[in-house]
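*Asks:* Mind looking over this structure? Questions follow.
The values are calculated or read from the model by the stated rules, or taken from the named source; none is laboratory data. None of the values given here were measured: they were computed from a predicted structure. Counting neighbours? That spans all protein chains shown, and the Cβs are built from the backbone with ideal geometry, glycine included.
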Amino acid sequence: MSASTTPAAAPAVEVDVAIVGGGLVGASLAAALAPTGLRLALIEGAAADDARQPSFDDRTTALGNGTRRIFEALGLWSDIAPQTAAIRRIHVSDAGRFGFARLEAAELGLDAFGFVATNRTLGAALRARLASIPGLHLRMPARCTAAQLHADHVELHTDGDTAPIRARLAVAADGAKSLLRAAAGLEAATEDYGQVAVVAHAAATRPAEGTAYERFTPQGPFAVLPLAGVAGDGRDHGGGAYGVVWTVASADADRVLAMSDDEYLAALQQAFGWRAGRFTRVGARQAYPLKLVRADRVTAPRVVLVGNAAQGLHPVAGQGFNLGLRDAATLAELLADAVSASTRAAPAGALSAFDAGAPALLEAYAAGRERDRDGITRFTDGLVKVFGDSRPGVPLARDIGLLLFDLSPSAKQAMSRLSWGFAARTPRLARGLALAVGGDGA
(Lines give C-alpha, C1' and ligand atoms only; values in the text may rest on other atoms or scores of the structure.)
Protein backbone atom coordinates (compact mmCIF):
# COMPACT_ATOMS: atom_id res chain seq x y z
CA MET A 1 0.00 0.00 0.00
CA SER A 2 1.42 3.37 -0.94
CA ALA A 3 1.83 6.12 1.64
CA SER A 4 -0.97 8.11 0.02
CA THR A 5 -3.48 5.25 0.21
CA THR A 6 -5.83 5.09 3.18
CA PRO A 7 -7.70 1.97 4.25
CA ALA A 8 -11.26 1.74 3.00
CA ALA A 9 -13.85 2.18 5.70
CA ALA A 10 -15.28 -1.12 6.87
CA PRO A 11 -18.98 -1.72 6.16
CA ALA A 12 -21.23 -0.34 8.87
CA VAL A 13 -22.69 -2.69 11.48
CA GLU A 14 -26.47 -2.39 11.20
CA VAL A 15 -28.47 -2.81 14.43
CA ASP A 16 -31.88 -1.93 15.78
CA VAL A 17 -30.67 -0.64 19.16
CA ALA A 18 -27.20 0.54 20.12
CA ILE A 19 -26.49 1.18 23.80
CA VAL A 20 -23.67 3.62 24.50
CA GLY A 21 -22.39 2.80 27.98
CA GLY A 22 -22.18 -0.68 29.50
CA GLY A 23 -22.37 0.23 33.17
CA LEU A 24 -25.08 -1.07 35.47
CA VAL A 25 -28.04 0.50 33.66
CA GLY A 26 -26.76 0.00 30.10
CA ALA A 27 -25.85 -3.65 30.72
CA SER A 28 -29.24 -4.25 32.39
CA LEU A 29 -31.01 -2.81 29.35
CA ALA A 30 -29.07 -5.15 27.05
CA ALA A 31 -30.06 -8.10 29.25
CA ALA A 32 -33.71 -7.02 29.19
CA LEU A 33 -33.73 -6.69 25.38
CA ALA A 34 -32.00 -10.03 24.75
CA PRO A 35 -35.25 -12.04 24.26
CA THR A 36 -36.79 -9.56 21.79
CA GLY A 37 -34.86 -10.72 18.74
CA LEU A 38 -33.70 -7.17 18.07
CA ARG A 39 -30.23 -6.64 16.70
CA LEU A 40 -28.27 -5.14 19.59
CA ALA A 41 -24.94 -3.38 20.03
CA LEU A 42 -23.29 -2.22 23.22
CA ILE A 43 -20.30 0.10 23.48
CA GLU A 44 -18.34 0.24 26.75
CA GLY A 45 -15.02 1.93 27.42
CA ALA A 46 -13.71 -0.50 30.06
CA ALA A 47 -12.84 -4.14 29.42
CA ALA A 48 -15.14 -6.75 30.97
CA ASP A 49 -12.40 -7.91 33.36
CA ASP A 50 -11.07 -4.42 34.17
CA ALA A 51 -11.14 -3.91 37.94
CA ARG A 52 -11.09 -0.16 37.29
CA GLN A 53 -14.50 -0.19 35.58
CA PRO A 54 -16.02 2.87 37.27
CA SER A 55 -19.54 1.47 37.36
CA PHE A 56 -18.46 -1.86 38.87
CA ASP A 57 -16.40 -0.65 41.84
CA ASP A 58 -16.84 -1.21 45.56
CA ARG A 59 -19.47 1.47 46.08
CA THR A 60 -22.58 0.12 47.75
CA THR A 61 -25.93 0.36 46.02
CA ALA A 62 -29.29 0.09 47.74
CA LEU A 63 -31.64 -2.07 45.68
CA GLY A 64 -35.34 -1.44 46.24
CA ASN A 65 -37.89 -4.23 46.04
CA GLY A 66 -38.86 -3.09 42.55
CA THR A 67 -35.24 -3.46 41.46
CA ARG A 68 -35.10 -6.92 43.02
CA ARG A 69 -38.15 -7.87 40.97
CA ILE A 70 -36.47 -6.61 37.79
CA PHE A 71 -33.40 -8.73 38.44
CA GLU A 72 -35.63 -11.71 39.23
CA ALA A 73 -37.47 -11.29 35.93
CA LEU A 74 -34.12 -11.10 34.11
CA GLY A 75 -32.92 -14.28 35.82
CA LEU A 76 -30.06 -12.49 37.58
CA TRP A 77 -31.23 -12.30 41.18
CA SER A 78 -30.07 -15.83 42.05
CA ASP A 79 -26.50 -14.75 41.24
CA ILE A 80 -26.79 -11.44 43.10
CA ALA A 81 -28.79 -12.37 46.22
CA PRO A 82 -26.12 -14.44 48.05
CA GLN A 83 -23.87 -11.38 48.15
CA THR A 84 -26.47 -8.88 49.37
CA ALA A 85 -27.54 -7.76 52.82
CA ALA A 86 -31.22 -7.17 53.52
CA ILE A 87 -32.38 -3.83 54.94
CA ARG A 88 -35.00 -4.78 57.53
CA ARG A 89 -34.94 -1.61 59.57
CA ILE A 90 -33.93 1.98 58.96
CA HIS A 91 -32.85 4.51 61.57
CA VAL A 92 -32.88 8.17 60.53
CA SER A 93 -31.56 10.95 62.77
CA ASP A 94 -30.64 14.62 62.74
CA ALA A 95 -27.08 14.61 64.11
CA GLY A 96 -26.69 16.47 67.39
CA ARG A 97 -30.43 17.14 67.67
CA PHE A 98 -33.52 15.34 68.98
CA GLY A 99 -35.19 14.41 65.69
CA PHE A 100 -35.23 10.75 64.67
CA ALA A 101 -37.42 8.17 62.96
CA ARG A 102 -37.41 4.37 62.83
CA LEU A 103 -38.86 2.07 60.21
CA GLU A 104 -39.35 -1.69 60.66
CA ALA A 105 -40.06 -3.73 57.55
CA ALA A 106 -41.96 -6.40 59.50
CA GLU A 107 -44.36 -3.80 60.90
CA LEU A 108 -45.28 -2.84 57.33
CA GLY A 109 -45.77 -6.42 56.16
CA LEU A 110 -42.44 -6.54 54.28
CA ASP A 111 -39.58 -8.99 54.52
CA ALA A 112 -37.16 -6.15 53.74
CA PHE A 113 -37.19 -2.57 52.50
CA GLY A 114 -34.49 -3.53 50.04
CA PHE A 115 -31.01 -4.95 49.78
CA VAL A 116 -27.45 -3.63 49.73
CA ALA A 117 -24.96 -4.91 47.18
CA THR A 118 -21.63 -3.68 45.94
CA ASN A 119 -21.50 -2.44 42.38
CA ARG A 120 -18.83 -5.07 41.81
CA THR A 121 -21.30 -7.83 42.65
CA LEU A 122 -23.90 -6.40 40.29
CA GLY A 123 -21.29 -5.90 37.58
CA ALA A 124 -20.08 -9.50 37.75
CA ALA A 125 -23.62 -10.84 37.22
CA LEU A 126 -24.26 -8.44 34.35
CA ARG A 127 -20.93 -9.16 32.63
CA ALA A 128 -21.69 -12.87 32.68
CA ARG A 129 -25.10 -12.21 31.13
CA LEU A 130 -23.66 -10.00 28.37
CA ALA A 131 -21.29 -12.79 27.40
CA SER A 132 -24.25 -15.14 26.92
CA ILE A 133 -26.47 -12.91 24.74
CA PRO A 134 -26.47 -14.41 21.23
CA GLY A 135 -25.80 -11.98 18.42
CA LEU A 136 -24.93 -9.04 20.69
CA HIS A 137 -22.40 -6.82 18.91
CA LEU A 138 -20.20 -6.00 21.87
CA ARG A 139 -17.45 -3.40 21.65
CA MET A 140 -15.60 -3.58 24.95
CA PRO A 141 -13.28 -1.89 25.54
CA ALA A 142 -14.19 0.81 23.04
CA ARG A 143 -15.03 4.46 23.50
CA CYS A 144 -17.71 6.19 21.48
CA THR A 145 -15.92 9.10 19.84
CA ALA A 146 -18.67 10.60 17.68
CA ALA A 147 -22.40 10.30 17.04
CA GLN A 148 -24.07 11.57 13.86
CA LEU A 149 -27.85 11.80 13.76
CA HIS A 150 -29.68 11.09 10.51
CA ALA A 151 -33.35 10.84 9.59
CA ASP A 152 -33.48 7.05 9.75
CA HIS A 153 -30.51 6.10 11.94
CA VAL A 154 -27.74 7.24 14.27
CA GLU A 155 -24.17 6.53 13.20
CA LEU A 156 -21.78 5.84 16.05
CA HIS A 157 -18.01 5.82 15.74
CA THR A 158 -15.63 4.18 18.20
CA ASP A 159 -11.89 4.29 18.72
CA GLY A 160 -9.92 1.34 17.43
CA ASP A 161 -12.57 0.22 14.92
CA THR A 162 -13.09 1.58 11.42
CA ALA A 163 -16.60 0.14 11.11
CA PRO A 164 -19.29 2.52 12.33
CA ILE A 165 -22.46 1.26 14.01
CA ARG A 166 -25.73 2.35 12.44
CA ALA A 167 -28.66 2.06 14.82
CA ARG A 168 -32.34 2.73 14.37
CA LEU A 169 -32.28 3.80 18.03
CA ALA A 170 -29.28 4.93 20.07
CA VAL A 171 -29.56 4.75 23.87
CA ALA A 172 -27.40 7.07 25.96
CA ALA A 173 -26.35 5.15 29.06
CA ASP A 174 -22.96 6.84 29.19
CA GLY A 175 -23.35 8.82 32.38
CA ALA A 176 -23.73 12.39 33.53
CA LYS A 177 -21.26 13.69 30.92
CA SER A 178 -22.93 11.80 28.09
CA LEU A 179 -21.39 12.32 24.65
CA LEU A 180 -24.51 10.98 22.95
CA ARG A 181 -26.77 13.33 24.90
CA ALA A 182 -24.65 16.29 23.79
CA ALA A 183 -24.60 15.10 20.17
CA ALA A 184 -28.40 14.91 20.22
CA GLY A 185 -28.64 18.50 21.46
CA LEU A 186 -30.32 17.51 24.72
CA GLU A 187 -29.49 20.10 27.37
CA ALA A 188 -28.87 19.13 30.99
CA ALA A 189 -28.96 21.41 34.03
CA THR A 190 -26.23 20.85 36.63
CA GLU A 191 -26.26 21.92 40.28
CA ASP A 192 -23.13 21.37 42.36
CA TYR A 193 -24.05 20.48 45.94
CA GLY A 194 -20.58 21.46 47.16
CA GLN A 195 -20.27 18.02 48.72
CA VAL A 196 -18.15 14.93 48.21
CA ALA A 197 -19.14 11.38 49.18
CA VAL A 198 -16.22 9.50 50.73
CA VAL A 199 -17.07 5.82 50.34
CA ALA A 200 -15.48 2.92 52.22
CA HIS A 201 -16.16 -0.52 53.65
CA ALA A 202 -15.72 -0.81 57.40
CA ALA A 203 -16.00 -3.49 60.08
CA ALA A 204 -17.44 -2.94 63.54
CA THR A 205 -17.89 -5.02 66.66
CA ARG A 206 -21.69 -5.10 66.48
CA PRO A 207 -23.43 -7.19 63.76
CA ALA A 208 -25.44 -5.11 61.32
CA GLU A 209 -28.51 -7.36 61.56
CA GLY A 210 -30.24 -5.66 58.68
CA THR A 211 -30.14 -2.10 60.06
CA ALA A 212 -29.35 0.86 57.82
CA TYR A 213 -28.50 4.22 59.38
CA GLU A 214 -28.96 7.63 57.81
CA ARG A 215 -27.66 10.56 59.84
CA PHE A 216 -28.01 14.11 58.60
CA THR A 217 -25.07 16.31 59.55
CA PRO A 218 -24.34 19.98 58.81
CA GLN A 219 -21.93 18.87 56.04
CA GLY A 220 -24.35 16.40 54.45
CA PRO A 221 -25.99 12.96 54.85
CA PHE A 222 -24.06 10.16 56.50
CA ALA A 223 -25.13 6.60 55.59
CA VAL A 224 -23.95 3.39 57.24
CA LEU A 225 -25.41 0.37 55.45
CA PRO A 226 -25.28 -3.35 56.21
CA LEU A 227 -23.05 -5.44 53.96
CA ALA A 228 -22.85 -9.15 53.34
CA GLY A 229 -19.71 -10.92 54.52
CA VAL A 230 -16.67 -9.15 55.88
CA ALA A 231 -14.94 -5.85 55.34
CA GLY A 232 -11.56 -4.23 55.73
CA ASP A 233 -8.87 -6.92 55.59
CA GLY A 234 -11.17 -9.58 54.09
CA ARG A 235 -11.14 -11.83 57.17
CA ASP A 236 -14.07 -12.51 59.45
CA HIS A 237 -13.28 -11.36 62.97
CA GLY A 238 -16.90 -11.40 64.10
CA GLY A 239 -19.05 -8.31 64.34
CA GLY A 240 -20.55 -6.64 61.29
CA ALA A 241 -19.61 -5.34 57.87
CA TYR A 242 -20.82 -1.92 56.75
CA GLY A 243 -20.73 0.30 53.73
CA VAL A 244 -20.02 3.88 54.78
CA VAL A 245 -21.02 6.86 52.65
CA TRP A 246 -19.66 9.88 54.48
CA THR A 247 -20.70 13.15 52.85
CA VAL A 248 -18.35 16.05 53.57
CA ALA A 249 -17.95 19.57 52.24
CA SER A 250 -15.86 19.61 49.06
CA ALA A 251 -13.11 21.57 50.81
CA ASP A 252 -12.83 18.85 53.48
CA ALA A 253 -12.65 15.80 51.21
CA ASP A 254 -8.87 15.77 50.74
CA ARG A 255 -8.35 15.87 54.49
CA VAL A 256 -10.58 12.83 55.04
CA LEU A 257 -8.91 10.91 52.20
CA ALA A 258 -5.45 11.69 53.56
CA MET A 259 -6.18 10.28 57.03
CA SER A 260 -4.47 7.12 58.14
CA ASP A 261 -6.79 4.19 58.79
CA ASP A 262 -6.60 4.78 62.54
CA GLU A 263 -7.34 8.48 62.12
CA TYR A 264 -10.27 7.73 59.84
CA LEU A 265 -11.73 5.15 62.23
CA ALA A 266 -11.49 7.61 65.13
CA ALA A 267 -13.14 10.37 63.08
CA LEU A 268 -15.82 7.95 61.85
CA GLN A 269 -16.54 6.88 65.42
CA GLN A 270 -16.88 10.47 66.57
CA ALA A 271 -19.09 11.47 63.63
CA PHE A 272 -21.36 8.42 63.69
CA GLY A 273 -21.39 7.32 67.30
CA TRP A 274 -21.58 3.83 68.78
CA ARG A 275 -24.75 2.30 67.32
CA ALA A 276 -22.61 -0.15 65.32
CA GLY A 277 -20.25 -0.71 68.22
CA ARG A 278 -16.57 0.11 67.79
CA PHE A 279 -15.29 0.48 64.23
CA THR A 280 -12.22 -1.74 63.95
CA ARG A 281 -11.07 -1.79 60.31
CA VAL A 282 -11.59 0.13 57.10
CA GLY A 283 -10.86 -0.65 53.47
CA ALA A 284 -9.78 1.67 50.67
CA ARG A 285 -11.54 5.04 50.47
CA GLN A 286 -12.86 6.61 47.28
CA ALA A 287 -14.32 10.07 46.71
CA TYR A 288 -17.20 11.10 44.43
CA PRO A 289 -18.23 14.77 43.93
CA LEU A 290 -21.99 15.16 44.28
CA LYS A 291 -24.05 17.02 41.71
CA LEU A 292 -27.62 17.07 40.52
CA VAL A 293 -27.66 16.59 36.74
CA ARG A 294 -31.03 16.54 35.02
CA ALA A 295 -31.72 16.53 31.30
CA ASP A 296 -34.55 18.83 30.22
CA ARG A 297 -35.77 16.17 27.79
CA VAL A 298 -35.02 12.44 27.63
CA THR A 299 -35.59 11.90 23.91
CA ALA A 300 -34.50 13.36 20.59
CA PRO A 301 -35.08 11.90 17.14
CA ARG A 302 -33.65 8.34 17.33
CA VAL A 303 -32.00 8.98 20.71
CA VAL A 304 -33.21 8.16 24.22
CA LEU A 305 -31.56 8.79 27.61
CA VAL A 306 -31.48 6.34 30.53
CA GLY A 307 -29.81 6.32 33.94
CA ASN A 308 -27.30 9.01 34.79
CA ALA A 309 -27.41 10.38 31.25
CA ALA A 310 -31.01 11.35 32.01
CA GLN A 311 -30.57 12.25 35.68
CA GLY A 312 -27.72 12.05 38.16
CA LEU A 313 -28.96 12.28 41.76
CA HIS A 314 -27.51 12.78 45.21
CA PRO A 315 -27.08 9.35 46.87
CA VAL A 316 -29.29 10.29 49.84
CA ALA A 317 -32.06 7.68 50.17
CA GLY A 318 -30.28 5.51 47.58
CA GLN A 319 -32.66 6.16 44.70
CA GLY A 320 -30.39 6.90 41.72
CA PHE A 321 -29.76 3.39 40.39
CA ASN A 322 -33.30 2.25 41.11
CA LEU A 323 -34.65 5.17 39.08
CA GLY A 324 -32.23 4.49 36.22
CA LEU A 325 -33.12 0.80 36.16
CA ARG A 326 -36.80 1.73 35.84
CA ASP A 327 -35.78 3.84 32.82
CA ALA A 328 -34.28 0.72 31.26
CA ALA A 329 -37.24 -1.49 32.25
CA THR A 330 -39.74 0.94 30.74
CA LEU A 331 -37.82 1.28 27.48
CA ALA A 332 -37.36 -2.49 27.20
CA GLU A 333 -41.08 -3.06 27.72
CA LEU A 334 -42.05 -0.52 25.05
CA LEU A 335 -39.64 -2.08 22.56
CA ALA A 336 -40.80 -5.62 23.37
CA ASP A 337 -44.44 -4.65 22.91
CA ALA A 338 -43.66 -2.91 19.63
CA VAL A 339 -41.82 -6.01 18.39
CA SER A 340 -44.82 -8.16 19.32
CA ALA A 341 -47.20 -5.84 17.48
CA SER A 342 -44.91 -5.79 14.44
CA THR A 343 -44.59 -9.57 14.22
CA ARG A 344 -48.36 -10.02 14.51
CA ALA A 345 -49.04 -7.50 11.76
CA ALA A 346 -46.35 -8.60 9.31
CA PRO A 347 -45.32 -11.90 7.71
CA ALA A 348 -42.55 -14.00 9.15
CA GLY A 349 -39.13 -12.45 8.82
CA ALA A 350 -40.42 -8.90 8.65
CA LEU A 351 -38.67 -7.90 11.88
CA SER A 352 -35.78 -6.62 9.76
CA ALA A 353 -38.04 -3.70 8.82
CA PHE A 354 -38.95 -2.94 12.44
CA ASP A 355 -38.19 0.65 13.44
CA ALA A 356 -36.94 0.79 17.04
CA GLY A 357 -36.67 4.57 16.84
CA ALA A 358 -40.27 5.28 15.85
CA PRO A 359 -41.42 8.69 17.16
CA ALA A 360 -44.50 7.22 18.86
CA LEU A 361 -42.33 4.86 20.89
CA LEU A 362 -40.04 7.68 22.03
CA GLU A 363 -43.02 9.84 22.94
CA ALA A 364 -44.45 7.00 25.04
CA TYR A 365 -41.11 6.59 26.83
CA ALA A 366 -40.81 10.28 27.65
CA ALA A 367 -44.39 10.44 28.93
CA GLY A 368 -44.02 7.25 30.93
CA ARG A 369 -40.89 8.41 32.72
CA GLU A 370 -41.78 12.05 33.42
CA ARG A 371 -43.69 11.61 36.68
CA ASP A 372 -41.21 9.14 38.18
CA ARG A 373 -38.17 11.24 37.26
CA ASP A 374 -39.72 14.41 38.59
CA GLY A 375 -40.96 12.84 41.82
CA ILE A 376 -37.73 11.08 42.78
CA THR A 377 -35.57 14.06 41.79
CA ARG A 378 -37.64 16.46 43.88
CA PHE A 379 -37.65 14.04 46.81
CA THR A 380 -33.88 13.50 46.97
CA ASP A 381 -33.02 17.14 46.23
CA GLY A 382 -35.51 18.27 48.86
CA LEU A 383 -34.02 15.98 51.52
CA VAL A 384 -30.53 17.33 50.92
CA LYS A 385 -31.66 20.93 51.12
CA VAL A 386 -34.07 20.75 54.04
CA PHE A 387 -31.51 18.92 56.21
CA GLY A 388 -28.78 21.31 55.13
CA ASP A 389 -30.85 24.38 56.05
CA SER A 390 -29.68 25.98 59.30
CA ARG A 391 -31.85 29.10 59.18
CA PRO A 392 -33.59 29.90 62.48
CA GLY A 393 -36.60 27.66 63.02
CA VAL A 394 -35.86 25.19 60.21
CA PRO A 395 -33.93 22.61 62.30
CA LEU A 396 -36.66 22.64 64.95
CA ALA A 397 -39.38 22.19 62.31
CA ARG A 398 -37.66 19.27 60.61
CA ASP A 399 -36.99 17.52 63.93
CA ILE A 400 -40.65 17.82 64.86
CA GLY A 401 -41.45 16.50 61.38
CA LEU A 402 -39.19 13.48 61.94
CA LEU A 403 -40.87 12.68 65.25
CA LEU A 404 -44.34 12.98 63.72
CA PHE A 405 -43.23 10.69 60.90
CA ASP A 406 -41.97 8.18 63.47
CA LEU A 407 -45.45 8.12 65.01
CA SER A 408 -47.36 7.75 61.73
CA PRO A 409 -47.89 4.22 60.32
CA SER A 410 -49.52 5.64 57.18
CA ALA A 411 -46.51 7.89 56.46
CA LYS A 412 -44.18 4.93 56.91
CA GLN A 413 -46.32 2.82 54.63
CA ALA A 414 -46.10 5.52 51.96
CA MET A 415 -42.33 5.73 52.37
CA SER A 416 -42.02 1.95 51.99
CA ARG A 417 -43.48 2.26 48.48
CA LEU A 418 -40.72 4.64 47.37
CA SER A 419 -38.73 1.83 45.77
CA TRP A 420 -41.53 1.38 43.20
CA GLY A 421 -41.25 4.99 42.06
CA PHE A 422 -43.86 7.60 41.22
CA ALA A 423 -44.88 6.46 37.74
CA ALA A 424 -48.59 5.94 37.15
CA ARG A 425 -47.78 2.44 35.89
CA THR A 426 -45.06 0.19 37.27
CA PRO A 427 -42.94 -1.39 34.51
CA ARG A 428 -43.76 -5.04 33.88
CA LEU A 429 -40.25 -6.17 34.82
CA ALA A 430 -40.54 -4.32 38.14
CA ARG A 431 -43.60 -6.45 38.87
CA GLY A 432 -41.48 -9.55 38.35
CA LEU A 433 -43.06 -10.36 34.96
CA ALA A 434 -41.09 -11.38 31.91
CA LEU A 435 -41.53 -9.27 28.82
CA ALA A 436 -44.01 -10.70 26.34
CA VAL A 437 -42.33 -11.01 22.97
CA GLY A 438 -44.17 -12.36 19.96
CA GLY A 439 -47.33 -12.83 21.99
CA ASP A 440 -50.09 -10.40 22.82
CA GLY A 441 -47.86 -8.02 24.79
CA ALA A 442 -50.41 -7.86 27.61
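*Asks:* Name the one entry in 120, 97 that is closer than 30 Å to residue 426 by Cα, among the basic types (Lys, Arg), at pLDDT below 95 and surrounded by fewer than 19 Cβ atoms within 10 Å (Cβ to Cβ).
*Replies:* On the way: 97 fails: closer than 30 Å to residue 426 by Cα.
Going through 120, 97 in turn, just one is closer than 30 Å to residue 426 by Cα, among the basic types (Lys, Arg), at pLDDT below 95 and surrounded by fewer than 19 Cβ atoms within 10 Å (Cβ to Cβ): 120.
*Asks:* Something else: Which condition number does residue 133 fail, the rest of (1) more than 22 Å from the chain's Cα centre (by Cα); (2) surrounded by fewer than 19 Cβ atoms within 10 Å (Cβ to Cβ) being met?
*Replies:* (1)
*Asks:* Yes or no: residue 406 of a type in the set (Asp, Glu), surrounded by 12 or more Cβ atoms within 10 Å (Cβ to Cβ) and either touching a Pro at 6+ places or on another chain (Cβ under 7 Å) or in contact (Cβ under 8 Å) with a residue 40 or more places away in the chain (or both)? Lay out the reasoning, then the answer.
*Replies:* Working: of a type in the set (Asp, Glu): yes; surrounded by 12 or more Cβ atoms within 10 Å (Cβ to Cβ): yes; either touching a Pro at 6+ places or on another chain (Cβ under 7 Å) or in contact (Cβ under 8 Å) with a residue 40 or more places away in the chain (or both): yes.
Yes.
*Asks:* Here's something else I'd like to know. Got a sec? Which of 285, 215 is closer than 30 Å to residue 104 by Cα, basic (Lys, Arg) and modelled with pLDDT under 95?
*Replies:* Details: 285 fails: closer than 30 Å to residue 104 by Cα.
Sole residue among the options that is closer than 30 Å to residue 104 by Cα, basic (Lys, Arg) and modelled with pLDDT under 95: 215.
*Asks:* Right, next: Which ones in region 236-272 are surrounded by 14 or more Cβ atoms within 10 Å (Cβ to Cβ) and without any contact (Cβ under 8 Å) to a residue 24 or more places away in the chain?
*Replies:* Of everything in region 236-272, those that are surrounded by 14 or more Cβ atoms within 10 Å (Cβ to Cβ) and without any contact (Cβ under 8 Å) to a residue 24 or more places away in the chain turn out to be 259, 261, 267, 269.
*Asks:* Hey, among the residues in region 309-327 that are among the aliphatic types (A, V, I, L, M) and either surrounded by 24 or more Cβ atoms within 10 Å (Cβ to Cβ) or touching a Pro at 6+ places or on another chain (Cβ under 8 Å) (or both), which one's nearest to residue 385 (Cα to Cα)?
*Replies:* First, the residues of region 309-327 that are among the aliphatic types (A, V, I, L, M): 309-310, 313, 316-317, 323, 325.
Narrowing the set further to residues that are either surrounded by 24 or more Cβ atoms within 10 Å (Cβ to Cβ) or touching a Pro at 6+ places or on another chain (Cβ under 8 Å) (or both) leaves 309-310, 313, 316, 323, 325.
Values: 309: 23, 310: 21, 313: 13, 316: 11, 323: 20, 325: 25 Å.
Ranking the candidates gives 316 first.
*Asks:* Here is a further query. Could you list, in sequence order, all residues of region 178-188 that are among the hydrophobic types (A, V, I, L, M, F, W, C), over 19 Å from the mean Cα position of the chain (by Cα) and either surrounded by fewer than 20 Cβ atoms within 10 Å (Cβ to Cβ) or within 29 Å of residue 249 (Cα to Cα) (or both)? Can you show your working first?
*Replies:* First, the residues of region 178-188 that are among the hydrophobic types (A, V, I, L, M, F, W, C): 179-180, 182-184, 186, 188.
Still in the running and over 19 Å from the mean Cα position of the chain (by Cα): 182-184, 186.
The one that is among the hydrophobic types (A, V, I, L, M, F, W, C), over 19 Å from the mean Cα position of the chain (by Cα) and either surrounded by fewer than 20 Cβ atoms within 10 Å (Cβ to Cβ) or within 29 Å of residue 249 (Cα to Cα) (or both): 182.
*Asks:* Going by what's in this entry, would residue 333 be described as of a type in the set (D, E, K, R), modelled with pLDDT of 90 or more, touching a Leu at 6+ places or on another chain (Cβ under 7 Å) and over 30 Å from residue 106 (Cβ atoms)? If you could, list the steps in order and put the result at the bottom.
*Replies:* Details: of a type in the set (D, E, K, R): yes; modelled with pLDDT of 90 or more: yes; touching a Leu at 6+ places or on another chain (Cβ under 7 Å): yes; over 30 Å from residue 106 (Cβ atoms): yes.
Spelling it out, residue 333 is indeed of a type in the set (D, E, K, R), modelled with pLDDT of 90 or more, touching a Leu at 6+ places or on another chain (Cβ under 7 Å) and over 30 Å from residue 106 (Cβ atoms).
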